[in-house]
Amino acid sequence: MSDNTLDWPTYIRLMEQLLAGPLDDARRAELEVQLTRIAAMAQPLMAFPLPHRQEGAGEYRL
């Protein structure tokens, strides 16, 4: 994996506290599986190099 691998169990516990949404052990384990899959799918996109002067997304102002 990459150097940016997250500690998913710690992240899940912190999000539980921030969002005040307690989870049981089975849901935590499944959430870890899904977050790991999502991160793996996003890896090629995040690694795609953009030209130096190209922005990642448009900027909209009122």
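Carbon and sulfur: what percent of the range 6-53's accessible surface (1.4 Å probe)?
66
Using a cut-off of 14 Å between beta-carbons, work out the net charge of the residues near Leu14 (Lys and Arg +1, Asp and Glu -1, Leu14 not included).
Computed value for this residue: -1.
With a 1.4 Å probe and all protein chains left in place, how much accessible area per residue does the range 17-62 have, in Å²? The partial results should precede the final answer.
On the way: 4660 Å² over 46 residues.
Roughly 101 Å² per residue, with all protein chains present.
Tell me the mean residue ellipticity at 222 nm calculated for the chain from its helices only (DSSP H runs of n ≥ 4, each -39500 (n - 2.57), averaged over every residue, nearest 500).
Roughly -19000 deg cm²/dmol at 222 nm, from the helical runs in the chain.
The values are calculated or read from the model by the stated rules, or taken from the named source; none is laboratory data. Model, not experiment: these values are computed from the prediction. As a convention, Cβ positions derive from the backbone with ideal geometry for all residues, glycine included, and neighbour counts pool all protein chains shown. We work out accessible area using only protein heavy atoms, side chains counted, and drop any ligands, DNA or RNA first. Shrake-Rupley method; radii C 1.70, N 1.55, O 1.52, S 1.80 Å.
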